[in-house]
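Visitor: Have a look at this one.
The values are calculated or read from the model by the stated rules, or taken from the named source; none is laboratory data. Keep in mind that this is a model prediction, so the values were computed, not measured. Using ideal geometry, Cβ is built from the backbone for each residue, glycine included, and neighbour counts are taken over all protein chains shown.
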Amino acid sequence: MLNQTDLILLKKGDAVDHFLMIRKCELRTRKDNRGQFLVLEAGDKSTTVNSNMWENFEQVYTGIKCGDIVKINGIMDDYQGIPQIRVGSIRIAAPDDNVTPSDFMARSKRDPDEMKKEFLCRIETISDYKLRMLMSLIFNEKNLERFSTAPAGKSWHHSYIHGLIEHTLEIIKICDLMCDIHPELNRDLLICGAMMHDYGKTEELSYDSFFEYTDKGKLLGHIVIAAMVVNEEVKKIPDFPEELKNCLLHLILSHQGKLEYASPVVPKTVEAIALYQADELSAKVNAYKNAVSSELKNDGRWTKFLSIVSTDLFNHGLTSEIEDEIKKTLFD
């Protein structure tokens, strides 16, 4: 068990004497074309920090790889307001250091057993017998364990252990609310689409030591993987309605909303539109919230410029002042 200050809490000038996990290690050519330098990304469960080594990096580059745990000594610095580690020395962690990959993997703040219980209870409330049977087949004990452990993404949203089930439960709640507002929506169909929309990430991502895409994930993607699972499992249910199957598959295939976002088709049912927007809301709020907490520059008010959303984000600081009034959430 690690006993060290979270990397995210270190300020410029603080000493770094930390076990960290290597998340990037690559050589790049200097801008003046006079040789190369080593680019490292190393992190703990709180954040990942960049570092460049300009000299004496050859042994480091050949001796470590992504996923390795190392002991780094150095000084916390910054470049254009973005934290960096000025590395003094690096060594591979030894067995008697008593550190494991799980020490460096962020986890959901929600209790995973509570989330699994909530998820199973929601399956039981599906009124359509064939859809309920389908969800029970897919989310058997083994599959639910993987589903409740996996992250929902590699780096952008819910990118931590148990993130996938947390993200899915958020979407289910949003979809349930939309069905309360718009009773014309097919609640059972929409909820099953919410349950299945990112199911393929259990096979798209590996998360034993650090988050990375699997070969299957790169070749097929989580959307196709989930659709294949549904297509196979419905064969086990006699007389499963063809149109119901196609509408459920459409929810999975269209949930990213646009062709340029890797959806094979765009949403063409009202339920598909609802799922797409619910997914966007859950993902964006989580990602922005995490960015504000982890990417703040030294002034503590603005994050660095985030290219993925083409803006920097503002930390208004109001949350702490009203924290006692907003302790309850949808999950309480």
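Visitor: Which fully enclosed helices (runs of 4 or more DSSP H) of segment 39-157 have 2 or more residues being out of contact with any strand residue (DSSP E or B) (no Cβ under 7 Å at 6 or more places or on another chain), of a type outside the set (S, T, N, Q) and surrounded by 14 or more Cβ atoms within 10 Å (Cβ to Cβ)?
Guide: By residue number, 112-124, 129-138, 141-149.
Visitor: Same structure again: D44 - would you say it is acidic (D, E), touching an Asp or Glu at 6+ places or on another chain (Cβ under 9 Å), in contact (Cβ under 8 Å) with a residue 24 or more places away in the chain and within 25 Å of T303 (Cβ to Cβ)?
Guide: yes
Visitor: Taking only pairs six or more apart or across chains, which ones have beta-carbon atoms under 8 Å, a first residue in segment 242-265 that is of a type in the set (D, E, K, R), and a second residue that is surrounded by fewer than 18 Cβ atoms within 10 Å (Cβ to Cβ)?
Guide: K245/N231; K258/V266
Visitor: Could you list, in sequence order, the residues of segment 259-278 that are over 21 Å from L185 (Cβ atoms) and either modelled with pLDDT of 95 or more or surrounded by 12 or more Cβ atoms within 10 Å (Cβ to Cβ) (or both)?
Guide: A262, P264
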